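The values are calculated or read from the model by the stated rules, or taken from the named source; none is laboratory data. Since we're looking at a predicted model, the values are computed, not measured. As a convention, Cβ positions derive from the backbone with ideal geometry for all residues, glycine included, and neighbour counts pool all protein chains shown. All accessible areas refer to the heavy atoms of the entire protein, side chains included, with ligands and DNA or RNA removed. Shrake-Rupley method; radii C 1.70, N 1.55, O 1.52, S 1.80 Å.
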Amino acid sequence: MPKRILVVDDDRNIGQILHASFSSKGYETIVSRNGEDALTKFEEVKPDLVLLDVLLPKMNGWEVCRKLKDTELGTQTPIILMSAVYKNYKMQQDAISKYGADDFVEKPFQLSKLLDLVEKLIGPGEPVAAVKADAAEGEEIEIEGDTVVSAAPPAPISMEGELSSISFAELLHNLYVMGKSGYLLVRRGEVEKEIAIKAGYPVSVRTTLEEEYFGNFLVRKRKISSEQRDESVERMKESKRLQGTILIEMDALTPHELVKYLKLQMREKIFEIFSWLEGLYKFTENDEVQGDITTLDMSTANVINEGVKDHYDLDRLLPLMEDWREKFLRPGANLHYRYQDTDFTRREETIFDVIDGTSTVDQIMPQLDLDTERAYQIIYTLVVCEMAELAPEPLEMPESIMERQTDVDIDIDAEFEMAGEKGGPPADESEPVAKASEASAEKAPPKTDAPIEPGEGGEAALRARVMRVFNRMSEGNYFQVLGVGDNPTEHEVRIAYHKIAKEFHPDRFFGKASEEVRARVEDIFRRATEAYEKLNTQEKIVKYKEHLESESEGPKTDARIEGVKKIIMAEQHFQNGKQYLKEKRYARSAWEFHKAMEISSNEAEYIAYYGWAIYNVPREEDINEEDAKLFEDQTPSDMQFNGREALNRAIQINPRSERAYLFLGAIYKMQGLREFAEKQYEKALICNPNCIEALRELRLIKLQEQKQTQKQTWFEKINPFARKK
């Protein structure tokens with residue numbers, strides 16, 4: 001049975017956000033909107049915790065809290081009071097000493113800190129999978145007057161409200177904290193925008209604002225003329241092709257410029273929302289969200305940083321800063337949020353040197369080599385994103401947000417290699433790869449140093465790098481995890497952790513790696529953070545050394561190690577498959593790709609290559625008897641159908657799968673479906689403007705069109721009847 005939380009707040013927006021947030025963490029959430037109803041519901045549902053607003057209709061929160069604490073059940077139930085009005089220190093102390101509350105939270109609250117406080121008081125919620133299973137057995141959502149009762153989590157989560165009560169920046173960060181996928185619809189007057197959110201990251205934006213349409217955007221940027229825009233729109237309507245590739249054909253854009261301006265347009269569409277002081281929003285959860293071919297490729301914190309930079313001027317910032325001036329600015333408590341990916345300039349990054357918890361906002365300002373507006377923008381961004389937080393009192397021990405790498409430079413790989421003798425695996429990973437794939441070793445094709453496919457080195461290198469570090473971290477002790485010696489200083493530990501946290505923060509990999517690689521990145525970040533928290537003081541370092549000396553290490557049986565070996569095996573099958581594909585041994589390559597898919601079922605690249613290989617099996621010439629048996633249970637039409645389905649699935653998993661678009665384009669070309677092929681090559685080009693195959697195929701299609709037009713013109717000249725209608 002999941003733990004129950006009673007949320008009491010008359011603000012529907014806040015009630016819905018808290019309902020969605022707690023539900024997504026596996027708590028059963030009950031929302032009540034007045035004081036008298038809260039007392040009734042408390043007796044009915046017997047919650048494990050009450051989150052109670054002070055200003056309520058029918059009975060205020062102070063009185064509700066007093067009445068609850070006068071009951072036997074209430075004395076055993078944690079109650080958190082919250083208020084946007086009563087913020088002074090005396091009222092907060094009265095909430096605890098006079099009215100019996102267990103804690104007090106100021107509004108606007110930071111959602112993640114509130115979630116942490118709840119977990120501290122009553123423990124974590126149920127695993128989401130288990131909760132969903134319970135809900136499937138008959139728990140239903142009920143709506144009774146002013147009360148909403150729901151099994152956790154409701155499906156789908158939906159929340160809505162007004163942007164006057166929560167800024168767009170705060171809303172984006174709250175969605176990032178919840179880590180949900182879905183569509184955020186915002187509306188102001190006649191303008192409507194829909195932001196696709198995947199796992200808490202904004203990935204694409206659709207707009208009804210005509211000036212933000214791609215052609216109009218290019219005209220405003222003075223990249224094309226209004227005449228070129230109009231001509232491209234007409235051609236687009238006639239051919240139903242993408243406007244960007246039409247502009248390339250018109251020599252108005254290069255492929256690189258197309259990708260550049262598509263990204264700029266996408267960013268402008270979302271940044272413009274930061275200028276809205278009012279409007280409506282509605283978020284609807286949808287796990288199927290994947291984004292578009294053109295994505296923002298930005299962390300949520302970076303979107304907030306750039307949006308605030310563009311649209312928060314001093315007039316808007318000064319009222320916010322009025323309440324912050326005398327508060328001390330210190331690093332965010334949650335290391336995951338502290339190390340979010342942000343693109344600050346070198347000069348702007350100097351703010352990290354002075355945010356150590358010992359200075360107020362007013363004391364920090366003169367220390368910055370920044371104009372007042374930009375300094376306030378950065379402080380606002382850091383606080384909203386929880387990279388920094390405000391406190392009424394200074395820290396006794398200063399703590400920096402980001403450690404400067406001045407006198408210590410840690411090479412993660414090199415340190416792990418040196419630590420290999422003390423329990424970590426060897427630096428050369430070819431041996432476990434070979435052992436893991438003994439079953440197919442005899443069939444493996446000869447190795448080659450030449451690249452098998454163009455333009456793929458970056459993704460393969462990224463995957464190899466992540467797996468190498470993950471493999472080493474899985475077996476190492478905490479010193480080896482951070483890549484420091486056996487007797488490090490606090491400073492060396494902080495520097496080493498900072499380097500890993502910056503390189504392997506999940507933000508940096510979103511949209512650039514598969515889900516399975518990102519899962520390994522999250523494991524790396526989590527393991528490094530765990531090590532840092534165990535070693536971040538000299539006292540902890542000494543204690544951990546004593547622990548290592550007193551504990552004899554047994555054989556490693558961690559399931560993570562087996563998982564690493566399987567992933568390495570999948571990569572070996574994949575590389576074998578690409579080599580067989582190069583030799584046009586389609587059946588054998590499809591078998592290898594399928595083996596890789598069995599291990600890593602959501603790797604879009606594996607699925608795309610399998611789709612292309614299996615589609616081509618019926619075309620394989622001189623197939624040997626052994627390879628022919630691999631798919632003898634499938635007819636040629638089955639294999640070609642399965643091939644197309646696999647390619648579509650790869651695109652669904654990763655809308656930026658360049659290879660999947662190229663393979664689909666080649667299939668349509670073989671089938672004589674020129675227009676369909678052309679669209680796939682256009683999409684591949686948007687994914688990668690350096691895609692030589694896509695450029696070549698689009699040029700060939702254009703040449704064929706020109707030849708067809710010339711042939712038709714010649715025919716009309718020699719046959720006057722052809723011109724008659």
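Could you state how much accessible area residue 631 has, in square angstrom rounded to the nearest 10, with a 1.4 Å probe and all protein chains kept in place?
20 Å²
Can you tell me the Rg and Dmax of region 468-507, counting just the alpha carbons, in angstroms?
In Å, with Rg to one decimal and Dmax whole: 10.4, 31.
Report the net charge of residues surrounding residue 291, where surrounding means a beta-carbon distance below 9 angstrom and charges are Lys +1, Arg +1, Asp -1, Glu -1.
Values: positive: 198, 656; negative: 292.
Here the charged neighbours net out to +1.
FRET efficiency for residue 645 and residue 548, Cβ-Cβ distance as r, R0 = 51 Å, nearest 0.05?
Values: r = 52 Å, r/R0 = 1.02.
After rounding, the FRET efficiency stands at 0.45.
What ranking of 582, 282 comes out by heavy-atom accessible area, probe 1.4 Å, highest first?
Correct descending sequence by accessible area is 582, 282.
Would you list 649, 526, 463, 330 from the most to the least accessible area, probe 1.4 Å?
Final ranking, largest accessible area leading: 526, 649, 330, 463.
Report residue 568's accessible area, 1.4 Å probe, all protein chains in place, as a number in Å² to the nearest 10.
Residue 568 has an accessible surface of roughly 20 Å² with all protein chains in place.
Taking the simple approach of a point 7 Å from Cα along Cα-to-Cβ for both residue 397 and residue 632, what is their distance in nm?
About 7.0 nm separates the two model spin labels.
At a Förster distance of 51 Å, what's the computed FRET efficiency of residue 314 paired with residue 621, Cβ-Cβ distance as r, to 0.05?
My answer for the efficiency is 0.10.
Could you work out how far the C-alpha centroid of region 257-283 sits from that of region 463-511, in angstrom?
35 Å
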